[in-house]
Structure formats: structure tokens, C-alpha cells
Amino acid sequence: MASSPRLSTPRLSLRGRHEPPTLLSARRCIVSLPLNVSSKVSLLRKQRPCVVGVCVPRAATEVVEDAVADTVGDQNEKSGVLRVGVICGGPSAERGISLNSARSVLDHIQGDDLHVSCYYIDSNLNAFAISSAQVYSNTPADFDFKLESLAQGFRSLSDFAEHLAASVDIVFPVIHGRFGEDGGIQELLEKFNIPFVGTRSSECRVAFDKYDASLELSSQGFVTVPSFPLKGSELDRSGLSEWFVKNQLDPISGKVVVKPTRAGSSIGVTVAYGITDSLSKANEIISEGIDDKVIVEVFLEGGSEFTAIVLDVGSGFDCQPVVLLPTEVELQSHGIVDASEKDAIFNYRRKYLPTQQVAYHTPPRFPMDVIDSIRKGASLLFQRFGLRDFARIDGWFLPSSACTFSSLENKFGRTESGAVLFTDINLISGMEQTSFLFQQASKVGFSHSNILRTIIQRACLRFPGLASFTSVSSPKRRRSISQHAEPFTKHQGVPKKAFVIFGGDTSERQVSLMSGTNVWLNLQASDDLEVTPCLLAPSSDCSSNISSDNKETDVSLKTVWSL
């Protein structure tokens, strides 16, 4: 996973704790957003006491009301347990990320009022019912070869669907890429009348294909990135040459982005120069089996990439999309830049693997008219494409000084500060612990559990048979730890303070961060613990004139940040 956003946080010393004047401490964090929809709908959930390390500029805030509770209704306890089937895996290269998403969903929605069953689709579209132990495997490769002996297999996808119809109330697909976001799994579930979270199959097919989605965006009046499709073994060199000329690109050195049209937002994305290099990169994508259709886009020199989470907070089929504060993706270079990194883009490695080359800014460092345009545009896009429940919309902000497109008049996305262009529609956003979904949701008071359960609850509203389960977005508290072990304190009812410390000096700091985050998220759900996450800074952050031996032995000189 790419590096976590930089947090402005209070500093702790093991000698004693102090908090600078800039610390934002609150018993309840409320962040309000200017909503560009017909009615202002709150996204806030009442939280446990918290300390927040990132604050949103005042200019971006206004009063928000708590409307989620209006729909849910705390007064009605549901009579049964909602059975959710989480389906992960799939044939795409993102199936390992899908497994991580399934693990995160299982962690944060399982409870006395909601039971989760896990299912896995392998690369050949064979379906299996898997155990939670298999969900917690490192990668699909860790248990793929054991599936036939350890998991319940199904003879066909039809048999699998019949099992789902009898065993679960609603399906939460977390398959990224093919068969998950292209309408494949949705079509299967629709055929057997199985309720599911997310967008219908027909709308998925249009939104998932980058070229088809670009054509639809253009027809809807949005500013789009100039693009050209290439398909099959006989690539259209003549057509691509004409496209280069039309867009004033040098046929030898014109800089473009080449990517598969139906392989998620980061798989196979690369930079090319000129017509010959573009055709070569396109042929590589096709020959490697990533996709048989490729899109060539103008490289947006001087632009800044962003992503925005959209939540549907309407009732039933009444779509009311609300766009959270977008995240700006900043690519960074440290020291001497390798030749292979001179054309750095936000690809699969930078998105999902540990790196110091990416920083995230939520809210983005854009002018306010640009942020408003992103949020309004993403909301309109969500409605006009017929999306449901949630999505992640990626795009670019191109400042006026870098915007060379013609005919921007009367196109949505044009602002005084530049142009906003939407490029990718992610119908099943990643749900890893530090994903954009959770980063942006946290800015408006959602915990991981709150946001996932709210998404499920909203989906349930579309199905009359699931109306009694619409209180799942208010999770029941987990039993206190002291009910299963010796009490932490003699004073019953008084939470015991606990600190989760991660980070440090080793090369495994990123792994420690992920582990610490997981521990913190799970412990904070217990009533008898008040948990604070802390980051142990590297020794280099302490004092440069202290010897390395002292840094290792004198614990009092270590620095800890309270997050």
C-alpha cells in the first residue's frame, strides 16, 4: 500500500507528554461539507471520544445535520441477524487486493447483529466457500492450491448462485477489476434475484470500460482527456497517427499514457513517447493478456491527480450522492531520480505497495472553486451513470497555465482556476485498512465499521424483504475484553488506557504501521479500553549529535507521536 498521508499530530516524549497549541482535541469530531446536491444530508455518525490529527480548513466547512440516524432509526432493533456474503478474488491481477478488502470488511462488519460468510472466485471463475482463516492468508497463492481440499467448491457459477440465494440475505462483492466491476458478478446475482451492494450490471459495463465511459462523459457535457482506442492484434497505426496530429502531438516524441480499458485504474498503466512506442506498449498489454483493448490518452503535463469517494445517502431508489472531501495524490522524488522514474505515474506499485514516492492530501491543495467543481461533477457523474451505494471517481486538475485543450466552452469542469477532468470510475473501491474510502470517510466522523455498515444499510433499503435490517449501520458494541478474561481494573466501568505503538527504525516500519492500525481498530471497539495509536519516530528524527549506540539504548531519547 502506498504511504499513509502525512499527519499533523501532537508529539510525545517518553520523558513526559506535551501538546502544542495547534493540537485539535475533541470529544467529538464534526467536519461539515458544502453539499452540491438537492438537499444537505449529513454523513456524520456519533463516535466514541476521539483525538483527531488532521483538521479541515474553515473555508471548506458549514453546518451539517445528522441525517443518517433519521433513516435508520435507533428506536427499532431488528429481530434477526443479517447474513452477508462477501465475495472476493476474481480473474484480474488485483485479486490479491480484493482479498485484502475482504479481510478488512470481515474485520469491521462482523458482529452479533450481522453474520459474514466468505466466498472466493479463482482466476478460472471457479467459486468456493472459504473459511475466515483463508481470508487472513497473505495472498491468494497461499491457499489457491489447497482450495479443492480445504474449501467447499461449487460445480458451476449457477450452483454457487443457488447456494447464495439460500444462505445469505445480501451479497457484498469486493472483486476488483474483471468479473467484479465489469458487471459479471452483478449479472449472475441479478439472474437469481439475489440482493447485492453496488451498481447494476448494465451500468457497470459502461462505467468500467475507460473508453466507453469517456465517450459517455463527453456526451453528458464533461471535459474529457483526448483519447484513442486500439484493439486486437492489428493495431490501427494510421488512425493513431491522425489522432496525434489532431491533438498537436509530435509523432516521434509526443508524450501519452497507454493503459488497458478494462483492467481497473492502475494495472498496466504506462507512459509512451510517439506513435511507435505507443503501439509497442499497447501490444505488450495485449500480449500479456491484461486486456485486448487499449486506450491512448494525452499526458496531462502539469496536472494534479485526485480521487473522490461518493456515497449514496438516498432512500431506496432515490439517489442522493454526496461526495466526500477529495484526496490529492502527490508523487514525490527523494534525491537522485532514476531514469526509469522520470515518467512517474500513480501505478499499481505506488498505489498498493510500501513507498516513499507518494503523499496524500485530504482535502487537496486546490483552489476552492476546483474542489467544488470536483465534488459537484462527481455527484452528477454518479447520478447520470446510474451508480449505486458507493464509488470512487478518479481524475485530474489541470491549471489554466497548463490547459491547452480547445473547445472547453459549455463543458462541465471548466473553472476560473483551470479544468477538472474525470478519467476513471471505480465501482468497487479498494477497502484495505488505509484505502481512500476510509481516509476520506474519517474526515467526516466515520469509523471503518460505520462506513461499511452504512453502505450495506443503504443497499438494504432497496429491497423490501430487508427493510427490518436497516439498523445495521449502528453497530452493536463488542463485548468488553474483561468479560472474557480477568478485569483490567478494579473500578468496573472505568476504561483502562492502552497505547498501541508502531513504527520504529527497521525496514519493516510499513508492516508495523499496518499491524498497529489493525490492532488499534479492533481494540477501540471494546468498551473497557481507551486506545491511543502512537507512532515511534526513527532515531534520525531525534537528535543528530547523539551516537547510534545511545539512540538504541537510551529509550528516554526516543520520540513518539500521538495520532
| Given the conditions (1) in contact with a Cys (Cβ under 9 Å, 6 or more places away or on another chain); (2) over 18 Å from M431 (Cβ atoms), which single one is not true for E148? | (1)
| said: Regarding region 400-412, can at least one residue be identified that is of a type in the set (S, T, N, Q), open to solvent by 20 Å² or more (accessible area, probe 1.4 Å), touching a His at 6+ places or on another chain (Cβ under 9 Å) and modelled with pLDDT under 95? | reply: no
| query | Just one of D277, D318 is open to solvent by 40 Å² or more (accessible area, probe 1.4 Å) and closer than 30 Å to Q457 by Cα; which is it? | reply | D318
| Out of the residues in region 165-178 that are modelled with pLDDT of 95 or more and in a loop (DSSP other than H, G, I, E, B), which is most open to solvent (accessible area, probe 1.4 Å)? | D169
| message | So the check is Cβ under 6 Å with 6+ separation or different chains; which pairs have a first residue in region 494-523 that's over 25 Å from A102 (Cα atoms) and modelled with pLDDT of 85 or more and a second one that's outside any helix (DSSP H, G or I) and polar (S, T, N, Q)? | response | K496/T489; F499/T532
| message | Pairs please, first residue from region 275-292 and farther than 24 Å from P251 by Cα, second anywhere and among the basic types (K, R), Cβ atoms under 8 Å, 6+ apart in sequence or on different chains. | response | D291/R262
| request: Would you please name the residue that is least open to solvent (accessible area, probe 1.4 Å), looking only at residues in region 136-159 that are of a type in the set (D, E, K, R) and at pLDDT below 85? | output: D144
| If you scan region 309-326, which residues turn out to be charged (D, E, K, R) and either closer than 29 Å to H361 by Cβ or in contact (Cβ under 8 Å) with a residue 12 or more places away in the chain (or both)? | D312
| Meets criteria (in contact with a helix residue (DSSP H, G or I) (Cβ under 7 Å, 6 or more places away or on another chain), without any contact (Cβ under 8 Å) to a residue 60 or more places away in the chain and not polar (S, T, N, Q)) for P229 | no
| Does region 443-459 contain any residue that is at pLDDT below 80 and either crowded, with 21+ Cβ neighbours inside 10 Å or over 30 Å from V81 (Cβ atoms) (or both)? | no
| request: Just give me the residues in region 98-115 being open to solvent by 10 Å² or more (accessible area, probe 1.4 Å) and either among the acidic types (D, E) or over 12 Å from S449 (Cα atoms) (or both), in sequence order. | output: N100, R103, D107, D112, H115
| request: Hey, could you check region 344-380 for residues that are assigned to a loop (DSSP other than H, G, I, E, B), more than 20 Å from the chain's Cα centre (by Cα) and modelled with pLDDT of 55 or more and say which is surrounded by the most Cβ atoms within 10 Å (Cβ to Cβ)? | output: F366
| message | Could you tell me how many of the residues in region 227-271 are of a type in the set (A, V, I, L, M), more than 27 Å from I97 (Cα to Cα) and open to solvent by 10 Å² or more (accessible area, probe 1.4 Å)? | response | 4
| message | Going residue by residue through region 71-80, is there one that turns out to be modelled with pLDDT of 90 or more and open to solvent by 10 Å² or more (accessible area, probe 1.4 Å)? | response | no
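The values are calculated or read from the model by the stated rules, or taken from the named source; none is laboratory data. What you are looking at is a predicted structure, and each value in this text was computed from that prediction instead of being measured. Please note: Cβ atoms are built from the backbone with ideal geometry, for glycine as well, and neighbour counts cover all protein chains shown. Only protein heavy atoms, including side chains, enter the accessible area calculation; ligands, DNA and RNA are left aside. Shrake-Rupley method; radii C 1.70, N 1.55, O 1.52, S 1.80 Å.
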